[in-house]
Structure formats: structure tokens, C-alpha cells
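The values are calculated or read from the model by the stated rules, or taken from the named source; none is laboratory data. For clarity, every value in this text was computed on a predicted model and none was experimentally measured. As a convention, Cβ positions derive from the backbone with ideal geometry for all residues, glycine included, and neighbour counts pool all protein chains shown. All accessible areas refer to the heavy atoms of the entire protein, side chains included, with ligands and DNA or RNA removed. Shrake-Rupley method; radii C 1.70, N 1.55, O 1.52, S 1.80 Å.
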Amino acid sequence: MNSESENDTDEEKMWSAARGAAPPKEFESRVWTRIRQTRSASRWMTAVWALAAAAILLVALPLFKHTVAPAPAPISVPEPAGPADNESIEMTAAAILFDWDTREYEDVLNVLDDESESNFEGGST
Amino acid sequence: MKVDNERELIEQAKEGSEGAFTAIVTANKQRVFRICLSLLRDAREADEAAQDVFVKLYESLERFRGESRISTWLYRVALNECASRRRGRAKLTASDDAGDPPDSKIGPDVALEQREAVDLLHRALDQMDEPFREVLVLRELEERTYEEIAVILEISIGTVESRLFRARQKLREILGKAEVR
């Protein structure tokens with residue numbers, strides 16, 4: 001029992017001595033120095049990260065352009081056939097009329113044939 | 001430091017008052033340093049660790065909601081900081097056995113006999129497992145209540161009691177062996 005209480009006293013003395021420990025002088029100013037260093041380092045790190053991100057973008061963007069398949073060449077849509085101005089309208093019209101004329105000859109022949117046939121048929125009726 | 005005064009200082013520090021933050025550091029520096037020294041056994045490293053704890057406080061001041069005492073938060077961060085440093089140190093000594101043993105000087109103002117006692121205590125703590133070491137330091141060195149320890153370590157009061165019982169047994173065992181030698 002006695003040895004237990006002696007142990008307790010010894011331990012208590014040890015703890016009591018340990019409680020007297022105090023940080024070295026000017027602790028507060030060293031804390032502030034460290035805070036300022038940390039803040040400065042953090043600002044530097046932010047700047048470095050921003051620069052690194054910008055550099056990566058600068059390098060990566062052209063590479064990205066090359067990697068992606070080139071956009072297809074624009075399809076050349078032909079001008080719609082037909083007249084574009086007054087002169088060509090006239091020319092086209094003349095061509096049509098010529099065709100009409102040609103057809104007219106044929107038509108005339110056909111018509112003549114038809115008529116002769118119909119006359120024959122009519123004549124027969 | 002009174003709770004109201006503490007809250008007021010935190011609010012002022014949040015608004016950018018360096019004086020208020022310095023007052024918080026002054027009010028808490030000894031307990032943070034003391035706990036770091038007990039867990040690290042090296043005055044220089046304990047000083048650095050304690051500084052880091054306050055830097056972390058400064059950085060997270062905006063997020064500090066004031067739901068618990070600032071000391072509770074500081075104890076928790078200090079314990080984590082020391083645990084992390086000890087893990088780093090263990091890795092270093094594992095990879096490089098030629099490393100210097102930790103220095104346990106606690107300052108020139110402390111008498112030699114006291115220094116020896118503290119050194120013996122620190123060596124004993126060093127041999128204990130982390131959960132026992134933490135609970136013992138919070139109870140015996142910092143004289144925190146069971147409830148406070150439970151909040152700081154985020155464990156139940158029952159666990160605090162059982163851990164403390166086993167930690168005290170372990171400490172006696174180690175100190176007994178040390179005295180026999």
C-alpha cells in the first residue's frame with residue numbers, strides 16, 4: 001500500500017515537473033513568421049498552378065486541333081440551273097422556242113398523218 | 001481565458017485582428033507546447049509542432065464555428081500533428097538507423113532533478129501505444145476531465161476510463177522497470 005502511494009507521489013512529481021515546460025521565447029513572433037511564410041508560399045503555389053494550367057492549355061490546344069479529324073470541306077453547291085440574268089433568260093427562251101419550232105415540224109407531220117388517218121377512218125364511217 | 005472573451009477574440013481574429021490572434025496564441029501556447037513535448041520528447045520539434053498547430057488554427061479560423069472551446073480544437077490538432085510527426089520519424093529511423101536520438105531538453109530554467117524526472121516520464125510515455133499515451137497526457141499532464149478527453153479524442157467516457165486504467169498500469173510497469181535498472 002505504502003509503495004503504491006509512494007509511486008503515486010513520484011508520478012505526481014514527474015507530471016508536475018512536466019507541466020512546467022514552456023515554449024522558447026518569442027513564440028508568438030515565430031508563429032507569425034510561419035503564418036506569413038505559409039501565406040506567401042500559398043500565393044506562389046497559386047501563381048505557379050495558374051501558369052502551369054495556362055502553359056498546358058497553350059500546348060494542348062494546338063495538339064487537340066490536330067488530333068480531331070479536320071472538318072469536311074464545304075460542299076460546293078452548284079448554281080441552280082437556269083437563268084441568272086436577263087440575257088440568259090432570253091437565250092434560254094430562244095432555245096426553247098427553237099425546240100418548240102422543231103417539235104412543231106414533227107407535230108405538223110404527225111398531225112398531218114393523224115388527219116389523213118382520221119379522214120380515212122372518218123371516210124370509212 | 002473565459003469563454004466569452006475567447007469567442008470575442010476569435011471573432012476579432014476572423015475580422016483580421018493580428019492582436020486578437022496573438023492573444024489566442026499567448027493564452028494557449030504553453031498547453032500546446034507542453035503536450036507536443038510530452039509526445040515528441042524533443043524541445044525543438046515540439047516548438048515547431050506547436051507553431052504548426054497555431055498556423056493550422058489561423059488557416060481554419062474562418063471555418064471555426066465556436067461550438068467547442070478553442071483548447072479542445074487545439075488539443076485535437078496537436079495530438080494529430082504529433083502522431084503524424086512520430087509516424088514520419090518512425091519511417092526515418094526505419095530507413096536510417098544512424099539518426100540522432102530525440103533530445104528531451106525542456107529548457108535551461110528547469111532544475112536538473114526535475115529535468116531528469118521529466119526525461120524519465122517522457123521516455124516512459126515514448127514506450128506506450130499512442131491511444132494510452134494520449135489519454136494519459138490529457139488526464140495527468142493537462143488535467144482534463146473525462147468528458148473533455150472524450151470530446152477531444154472522440155471516444156466514449158467508458159473508453160476513456162478503461163484506457164486510462166490500462167495506461168496507468170502500463171506507466172507504472174515501465175517506470176518500475178526503469179527504476180530497477
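Below, the figures for the structure above:
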| read-out | value |
| --- | --- |
| For region B:127-144, Karplus couplings with θ = phi - 60° (6.51, -1.76, 1.60), whole Hz, Gly/Pro x | 7, 8, 6, 3, x, 6, 4, 5, 5, 5, 5, 5, 7, 8, 7, 8, 6, 7 |
| Computed over chain B: relative contact order in percent, which uses C-alpha pairs under 8 Å that are six or more apart | 22 |
| CD proxy at 222 nm, helix term only [per DSSP H run n ≥ 4: -39500 (n - 2.57); per residue of chain B; nearest 500] | -24500 deg cm²/dmol |
| Accessible area (Å², 1.4 Å probe, nearest 10) - A:Ile75 | 150 |
| Members of region B:23-51 that become less accessible by 40 Å² or more once partner protein chains are added (1.4 angstrom probe, chain alone as reference) | B:Lys29, B:Gln30, B:Phe33, B:Arg34, B:Asp47, B:Gln51 |
| Tail fraction, Cα-Cα pairs, chain B, threshold 25 Å, whole percent | 39 |
| When the convex hull of its Cα atoms is projected in every direction, mean area for region B:1-90 (nm²) | 5.5 |
| Heavy-atom accessible area ranking, 1.4 Å probe, most first, across B:Phe132, A:Phe27 | B:Phe132, A:Phe27 |
| Cα-based helix-to-principal-axis angle, B:43-59 vs chain B, degrees rounded to 10 | 30 |
| Whole-number percent relative contact order across region B:1-90, with pairs defined as alpha carbons under 8 Å at least 6 apart | 30 |
| Estimated FRET transfer efficiency when R0 is 22 angstrom, pair A:Thr46-B:Lys14 (beta carbons, to 0.05) | 0.50 |
| Check: region B:1-68 dipole with +1 on Lys, Arg Cβ and -1 on Asp, Glu Cβ, in debye | 280 |
| Pairwise Cα inverse-distance average, inverted: Kirkwood Rh of region A:22-76 (Å) | 15.7 |
| Probe 1.4 Å, protein heavy atoms only - accessible area per residue of chain B in square angstrom | 54 |
| Chain B: angle of helix B:18-40 to the longest principal axis, Cα-based, in degrees nearest 10 | 20 |
| Buried accessible area, chains B and A (both chains, 1.4 Å probe, Å² to nearest 100) | 2900 |
| Angle in degrees between helix B:112-126 and the longest Cα principal axis of chain B, rounded to the nearest 10 | 90 |
| Rounded percent of accessible protein surface that carbon and sulfur make up, chain B, 1.4 Å probe | 46 |
